[in-house]
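Note sheet for the following structure.
The values are calculated or read from the model by the stated rules, or taken from the named source; none is laboratory data. All of these numbers come straight from a predicted model, not from anything done at the bench. Neighbour counts are summed over all protein chains in view; Cβ atoms, including those assigned to glycine, are modelled from backbone coordinates with ideal geometry. The accessibility values were calculated without ligands, DNA or RNA, using every heavy atom of the protein model including side chains. Shrake-Rupley method; radii C 1.70, N 1.55, O 1.52, S 1.80 Å.
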Amino acid sequence: MLFNIISTILALGIFARAAVWDVTVGGTAGLVYTPDFVIAKVNDTVRFHFNAKNHTVTQSSFAEPCAPLLGGVNTGFNFPVDPTVTTGFPTFDIIVESTAPFWIHCSQLGHCPMGMVFAINPPPIGNTLSAFKAKALATGTN
C-alpha cells in the first residue's frame, strides 16, 4: 500500500527537482549576461559564472535599471577574474523565491548603460526585458 502511494506521488511529479540555470557574466561575449534572462520556478537556482574582468550581479528595479535596489541582492566587486583565466570561474547563486520579475544589472562603471542587464521572469508584455534594457541604455550613466 505504502509503495503504491509513493509511486503515485513520484508519478505526479510532486517531488520535482528544482532547476539550475547557468548564466555567464561577461567573458568573450562582452558586456552581457548570457543568456540575458531565464524563466524560473520557485526554488530554482540561477547560478552566475563570473568571467574575465570585474562585474557584479546587482538587483535593481524596472523603474531604475542602473540603480541598486535598497536591500536587494548585490555581489559587490568580489569576483575579479584575470583575463588569462579560462576555467574554474567563481560563481554566485540566487535561489528564486517568487515568480515575480527580478531585475539585475552590472554596477561596474559604464556597463549597465551599455546594456549589461539581466532578468529572472521578465513578463512578455508591458515591463519586458527589451523595455528594461532600453531604459538602461537611455540612462547614459551608471
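Just one of the listed residues (V96, V20) is modelled with pLDDT of 95 or more and open to solvent by 60 Å² or more (accessible area, probe 1.4 Å), and it is V20. Within the stretch 23-50, being modelled with pLDDT under 95 and of a type in the set (S, T, N, Q) holds for one residue alone: T28. Among the residues of the stretch 69-106, the one identified as more than 16 Å from the chain's Cα centre (by Cα) and in a strand (DSSP E or B) is V81.
When residues of the stretch 82-96 are filtered for being β-branched (V, I, T) and in contact (Cβ under 8 Å) with a residue 40 or more places away in the chain, how many remain?
Of the residues in that region, 4 qualify.
Restricting the stretch 107-142 to residues that are in contact with a helix residue (DSSP H, G or I) (Cβ under 6 Å, 6 or more places away or on another chain) and assigned to a helix (DSSP H, G or I), which is modelled with the lowest pLDDT? Checked the stretch 107-142; the qualifying residue modelled with the lowest pLDDT is T139. Taking the stated definitions as given, is F77 out of contact with any Phe, Trp or Tyr (no Cβ under 9 Å at 6 or more places or on another chain) and aromatic (F, W, Y)? In short, yes. Just one of (1) open to solvent by 40 Å² or more (accessible area, probe 1.4 Å); (2) modelled with pLDDT of 95 or more fails for G72. It is (1).
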